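To start, the structure itself, in structure tokens.
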Amino acid sequence: MQKSTVSSPSTQVWSILGAGAIGGLWACCAQRSGCTTELIFRDQSSLAAYREHGGIAFTANEQTELLNIPACCPQALVQPIQQLLITTKAQQTLTALHAIKDHVQPDAIMVLLQNGLGIAEQVQAQFPQALVLQASTTEGAYRPKPFSLVHAGRGQTLIGAAVLPTNIKDPSQQLTDIAKSLSYAPLSVTVSENIEAVLWRKLAINCAINPLSVIHRCRNGELLNKPEAMTQIATVVDEILALSKALHLDDNLADLHQQVLEVARATANNRSSMLQDIESGRETEIEAITGHLCRLAAKQGLSLPCNQQLLDEVRRISTQNRS
Ligand SMILES: NC(=O)c1ccc[n+]([C@@H]2O[C@H](COP(=O)([O-])OP(=O)(O)OC[C@H]3O[C@@H](n4cnc5c(N)ncnc54)[C@H](OP(=O)(O)O)[C@@H]3O)[C@@H](O)[C@H]2O)c1
């Protein structure tokens, strides 16, 4: 295979597709560190509204400042995109990418920083020469209103490639350089030797908490006080462990049940993003979370009745909500 001549990531500007909470967080931290990124808004009207606002009002450590981050939209793109950080919700990724596909360089570096699984493979299929990486973060950010952003909780970000690419020179150095170039203070991005396991564990935790927070209409911590929800959590985890075993992804998952309960405790006051999406009439990430899990199980000839029931129920609530 031909060796790529991708430029050093540190010398390139990151374009950020998905100017929401996480995309805005990376862009604001970059701007405050004196680095340039470019936010890609959905369309001309959202770009105009952003410009009218004068930037993003970014709050961190109880201090707010207006940051005027360079921005564009698919119709206004002029420069080719060599480095793309994708921070849309999972189900929005392919549509968002389609609108900018002619500007993305064939050998671009693309980092998917989002929850859910199954999207990276589709992106790689559409951009076969690109270096497609996945990242998972426990940073917390939310938008109290349009163009306002709060960095609500500090966390960690891990990045890696499910399969280390063979078409680039020194892929592990390349990964280290990419992680460094996305580590805008105070954000810190670290290379994971096993991103697949990181993403799988995150998926499992999301499968156990997010749909149940929707079905029981409660904050994460309230699940711990509901006997029915506690039984459902235990069953969801058991089913995921059975599937993990079949997929040989069960290394170091013995504490999964315990960890789900710890995450629910640590985020007790949070309304999960899935519940927030339902309450705002938005599409949820259920298809990339529990949907992905159930599709994988079906391919293995396994059925996950509890997860399937949660999937059906969230789909039903979501359709009812959005009609
Ligand atoms: N927020 C957190 O604390 C957090 C923490 C860990 C992981 N995550 C994960 O990170 C990912 C992003 O979450 P988020 O909270 O940042 O979501 P978000 O605030 O909804 O941001 C998504 C952004 O993508 C934009 N978008 C959607 N379709 C688009 C299109 N076709 N073209 C261009 N832009 C488009 C949305 O634009 P509009 O505003 O116009 O809809 C929105 O600005 C999710 O997978 C989430 O689960 C989030």
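What follows is calculated from the coordinates using simple rules that are stated; it is not laboratory data. A quick note: this is a predicted structure, and the numbers were derived from the prediction, not measured. Cβ atoms come from the backbone with ideal geometry, glycine included; neighbour counts cover every protein chain shown.
If each DSSP helix of 4+ residues adds -39,500 (n - 2.57) and the sum is divided by the residues in the chain, what number results at 222 nm, nearest 500 deg cm²/dmol? Working shown, then result.
Numbers: 11 runs with 136 residues, N = 323.
The helix contribution divided over the chain gives -13000 deg cm²/dmol.
Considering only Tyr50, Thr87, Ala27, the residue lying farthest towards the positive end of the dipole of the range 10-193 is Tyr50, judged by Cα position with unit charges set on Cβ. Equivalent ellipsoid of the range 87-237: semi-axes from √(5λ) of the C-alpha gyration tensor, largest first, are 31, 18, 17 Å. Cα axis of helix 171-181 to longest principal axis of the chain: angle in degrees, 0 to 90, nearest 10? With rounding to tens, the tilt is 80 degrees. Computed log10 I(q)/I(0) for the range 10-193 at 0.08, 0.19 Å⁻¹: -0.23, -1.39, from the Debye equation with unit scatterers placed on every C-alpha and solvent omitted. Computed from label points 7 Å out along Cα-Cβ, the spacing between Arg315 and Gln44 is 3.8 nm. In order along the range 110-124, the phi-based Karplus estimate (6.51 cos²θ - 1.76 cosθ + 1.60, θ = phi - 60°) of 3J(HN,Hα) comes to 10, 10, 8, 10, 6, 7, x, 10, x, 8, 4, 4, 5, 5, 4 Hz; Gly and Pro are listed as x.
For the range 197-322, the gyration tensor built on C-alpha atoms gives an oblate shape. Its axis ratio a/c (a ≥ b ≥ c) is at least 1.5, and a/b is not larger than b/c. When the chain is treated as a GNM with alpha-carbon contacts under 10 Å, the residue of Asp238, Asp251, Asp177 showing the greatest mean-square fluctuation is Asp251.
Taking Leu133, Leu256, Leu112 as the candidate residues, the one with maximal mean-square fluctuation in a Gaussian network model of the chain, Cα springs under 10 Å, is Leu256.
Only one residue of Cys207, Ser148, Ile168 has its Cα farthest out toward the positive end of the dipole of the chain, where Lys and Arg carry +1 and Asp and Glu -1 on Cβ, and that residue is Ser148. Under 5 Å from the amide H of Val191 lie the amide H atoms of Ile159, each residue being 5 or more positions distant or on a separate chain, with H modelled from the backbone and absent for Pro and chain starts.
Work out the P(r) tail for the chain: percent of alpha carbon pairs separated by more than 31 Å, whole number.
So the portion of pairs separated by more than 31 Å is 32 percent.
Residues whose amide H lies under 5 Å from that of Val104, counting only those 5 or more places away or on a different chain, are Ile81; hydrogens are built 1.01 Å from N in the peptide plane. Phi-derived couplings, Karplus 6.51 cos²θ - 1.76 cosθ + 1.60 at θ = phi - 60°, listed residue by residue for the range 216-222: 8, 6, 9, 5, 3, x, 5 Hz, with x used for Gly and Pro. Report the Cα centroid-to-centroid distance between the range 263-323 and the range 199-245 in angstrom, as an integer. Here the answer is 10 Å between Cα centres. Calculate the FRET efficiency for Arg219 and Glu196 from the Cβ-Cβ distance with a Förster distance of 35 Å, rounded to the nearest 0.05. Computed FRET efficiency for Arg219 and Glu196 comes out at 0.70. Using alpha carbons only, how many degrees (0 to 90, rounded to 10) separate the axis of helix 195-215 from the longest principal axis of the chain? For 195-215 against the chain, the angle is about 60 degrees. About its Cα centre, the dipole of the chain is roughly 420 debye, where the only charges are +1 on Lys and Arg Cβ and -1 on Asp and Glu Cβ. At an R0 of 45 angstrom, the distance between the Cβ atoms of Arg295 and Glu52 translates into a FRET efficiency of 0.60. For the peptides 220-231, 90-101, the ranking by mean Cβ contacts within 10 Å, running from highest to lowest, is 90-101, 220-231.
Pairs spanning more than 31 Å between alpha-carbon atoms, out of Lys89/Lys299; Lys180/Lys245; Lys89/Lys180; Lys180/Lys299; Lys101/Lys169; Lys101/Lys245: Lys180/Lys245; Lys180/Lys299; Lys101/Lys245.
Can you tell me the FRET efficiency between Asn61 and Lys101 if r is taken as the Cβ-Cβ distance and R0 is 41 Å, rounded to the nearest 0.05?
0.60
Can you tell me the 0 to 90 degree angle between the C-alpha axis of helix 256-266 and the longest principal axis of the chain, rounded to 10? Computed tilt is about 70 degrees. Applying the Karplus relation 6.51 cos²θ - 1.76 cosθ + 1.60 with θ = phi - 60° to the range 89-105 yields 3J(HN,Hα) values of 5, 3, 6, 8, 4, 5, 5, 5, 5, 4, 5, 10, 4, 6, 9, 7, 5 Hz, where x marks Gly and Pro. Of all beta bridges that DSSP places with both ends in the chain, some 30 percent have antiparallel geometry. Pick from Ala266, Ala130, Ala57: which is most flexible by mean-square fluctuation in a GNM of the chain where alpha carbon atoms under 10 Å apart are linked? Fluctuation is largest for Ala266.
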